[in-house]
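Beneath this line is the structure, given in structure tokens, with notes to follow.
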Amino acid sequence: MVRVEQLMTRELACVEFTQAVSVAANMMRIRKIGSLLVKRGDELVGIVTESDIVRKVVAFHFPSEFIQVGDIMSSPIVSIDESDSIFEAAGIMQAAHTRHLVVGNESHVFGMLSVRDLLSPVAKDEL
């Protein structure tokens, strides 16, 4: 059984709640990632994804430099334990209508798991 910890991304990328959406989008572009954890001070309060930016900002032609990440982020965060199976992760994603899970618990975040992470072994096998 493949566990979440085997596929999760351990490098966490965060953005501040009050940061402009344009800054968050640029961070994602530079790091080649699809989501950022959102912090308000030391507290993790949400997640912002490429999809959030497209559906809530770009689609309405809003100027992304004037909209804060906190205005478009998804919250509360959906999480999973690192020892859970990837099948459990897929089920949680489907039930919560999300493509990103925070891996950890109330006291510590170990990483992120995305649909892209779940598909990476399949893509490698196809090559």
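Here, each number is a calculation from the coordinates, and none is a lab measurement. Keep in mind that what you see is a predicted model, and the values were worked out from it rather than measured. Please note: Cβ atoms are built from the backbone with ideal geometry, for glycine as well, and neighbour counts cover all protein chains shown.
Here are some residues: A20, A95, A90, A59. Which one is without any contact (Cβ under 8 Å) to a residue 60 or more places away in the chain, of a type outside the set (K, R) and under 21 Å from S120 (Cα atoms)? Working first, answer last.
Values: A20 fails: under 21 Å from S120 (Cα atoms); A95 fails: under 21 Å from S120 (Cα atoms); A59 fails: under 21 Å from S120 (Cα atoms).
On inspection, the qualifying residue turns out to be A90.
How many of the residues making up the range 4-34 are touching an Asp or Glu at 6+ places or on another chain (Cβ under 7 Å) and assigned to a strand (DSSP E or B)?
The qualifying residues number 2.
Search the range 7-34 for residues being of a type in the set (S, T, N, Q) and in contact with a helix residue (DSSP H, G or I) (Cβ under 7 Å, 6 or more places away or on another chain), and hand back the single one that is surrounded by the fewest Cβ atoms within 10 Å (Cβ to Cβ).
Among residues in the range 7-34 that are of a type in the set (S, T, N, Q) and in contact with a helix residue (DSSP H, G or I) (Cβ under 7 Å, 6 or more places away or on another chain), the one surrounded by the fewest Cβ atoms within 10 Å (Cβ to Cβ) is T18.
When the range 76-87 is examined, which residues are found to be farther than 17 Å from G34 by Cβ, surrounded by 13 or more Cβ atoms within 10 Å (Cβ to Cβ) and free of Cβ contacts under 8 Å to residues at least 40 places away in the same chain?
Of everything in the range 76-87, just one residue is farther than 17 Å from G34 by Cβ, surrounded by 13 or more Cβ atoms within 10 Å (Cβ to Cβ) and free of Cβ contacts under 8 Å to residues at least 40 places away in the same chain, namely S79.
All but one of (1) under 24 Å from V103 (Cα atoms); (2) buried (at least 16 other Cβ atoms within 10 Å of the Cβ) hold for V57; state the number of the condition that does not hold.
(1)
When the residues of the range 88-98 are narrowed to those that are buried (at least 18 other Cβ atoms within 10 Å of the Cβ) and not polar (S, T, N, Q), which ends up nearest to R10 (Cα to Cα)?
Here is the first cut: in the range 88-98, the ones buried (at least 18 other Cβ atoms within 10 Å of the Cβ) are 89, 93, 98.
Still in the list and also not polar (S, T, N, Q): 89, 93.
Values: A89: 16, M93: 19 Å.
The extreme case among them is A89.
Each row is one residue, and each column tells you yes or no for (1) closer than 22 Å to L7 by Cβ; (2) touching an Asp or Glu at 6+ places or on another chain (Cβ under 9 Å).
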position	(1), (2)
E65	no, no
D81	yes, yes
M112	yes, yes
S120	yes, no
